[in-house]
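Please read the structure below before turning to the comments.
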Amino acid sequence: MNTQSSNAQLKALIFDVDGTLSNTERDGHRVAFNQAFEEYNMDWHWSVETYGELLAVTGGKERMKFYTEHFMDKEDIPGNIDTLIPELHQAKTRHYTELLSTGAIPLRPGVERLIDEARQRGFRLAIATTTTPENVTTLLEHTLGIDSIDWFEVIAAGDIVPAKKPAPDIYQYALDQMGLSADECIAFEDSENGIKSSLGASLKTIITINDYTKDHDFSGASTVLDQMGEPDKNFSVITGNVNGATYLDCDLVIKLHQQ
Ligand code: XBP
Ligand code: MG
């Protein structure tokens, strides 16, 4: 998988959202889930640690279902769970987008700079994520500005494909929509489920880890970095050959794509 060097020219950058563009999970999604549980007078509460375990499953509705199946006694599961989960999820999305609208959740270091450079250099941009579409557009609006939503020619998100990450379907969907082959693109991810999905779609993948994903298995990644970095804020290289670079720019992305 992805062991040969790529001859195709790099045309597009495809970004994961949660954990990659922004550290949204601990202080964003988790908080919004808990707000939804409170709104429905439920005694569920997801601690930082528990949420780390729940991240094994992508997708908010799927995550709640997983919680009932693996963290609760059978007799404590509400009888109306199948109708309750979509309702809770709607409430969670409302709380999450409200939180994003306060501007409390910034982009990770280097993300805005890399996207700006990629646009200037004519690279095509797309998003491939398991999160709900309005979570993506609200994050973009409140970080890069409302116009930034149109910088991404495809926002592949949420239930648009039935099988979420680690299935490759969401990346395959983005590729199909762009009319590009996998070897003309590169993916940006932060998690094991994410890289399974991108490698499953035969995409070279650059990883930036975070606290929840630092111990994940990133076999097959083009490089694993602690962050994209900035000219005055070096990244740390966990694996991969970055030819002496200290932050991720388009030249390095091109090199990694060719390797
Ligand atoms: C991360 C996820 C998402 C969010 C919750 O996806 O697993 O499910 O935690 O989002 P990615 P929803 O890293 O691929 O962006 O509640 O809207 O499903
Ligand atoms: Mg992610």
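The values are calculated or read from the model by the stated rules, or taken from the named source; none is laboratory data. The structure displayed is predicted, hence computed values, not measured ones. A quick note on method: Cβ atoms are made from the backbone with ideal geometry, for glycine too, and the neighbour counts reach across all protein chains shown.
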- Message: Looking at 198, 202, 222 in this structure, which one is of a type in the set (Gly, Ala, Ser), within 20 Å of residue 259 (Cα to Cα) and surrounded by fewer than 22 Cβ atoms within 10 Å (Cβ to Cβ)?
- Response: 202
- Query: Restricting the search to the stretch 82-116, which residues are assigned to a loop (DSSP other than H, G, I, E, B) and over 20 Å from residue 189 (Cα atoms)?
  - Reply: 102, 103, 104
- Item | Filter result for the condition that a residue is modelled with pLDDT of 95 or more, among the polar types (S, T, N, Q), surrounded by 14 or more Cβ atoms within 10 Å (Cβ to Cβ) and within 30 Å of residue 236 (Cα to Cα), over 130, 68, 97 | 130
- Message: Out of the strands (runs of 3 or more DSSP E) lying entirely within the stretch 154-242, which hold 1 or more residues that are among the hydroxyl-bearing types (Ser, Thr, Tyr)?
- Response: 204-208, 223-225, 237-239
- Query: List, please: which pairs have Cβ atoms under 6 Å, are six or more places apart or on different chains, and start with a residue in the stretch 155-179 that is under 16 Å from residue 63 (Cβ atoms) and among the charged types (D, E, K, R) and end with one that is in a helix (DSSP H, G or I) and modelled with pLDDT of 95 or more?
  - Reply: 165/193; 165/194; 165/197
- Message: Quick check on this structure: which one of 48, 57 is within 23 Å of residue 163 (Cβ to Cβ) and free of Cβ contacts under 8 Å to residues at least 40 places away in the same chain?
- Response: 57
- Message: From the list 127, 85, 105, 77, exactly one residue is touching a Phe, Trp or Tyr at 6+ places or on another chain (Cβ under 7 Å) and β-branched (Val, Ile, Thr). Which is it?
- Response: 127
- Message: Test of understanding: among 83, 102, which residue is away from ligand 1 (no atom under 16 Å from the Cβ), within 29 Å of residue 140 (Cα to Cα) and of a type outside the set (Lys, Arg)?
- Response: 102
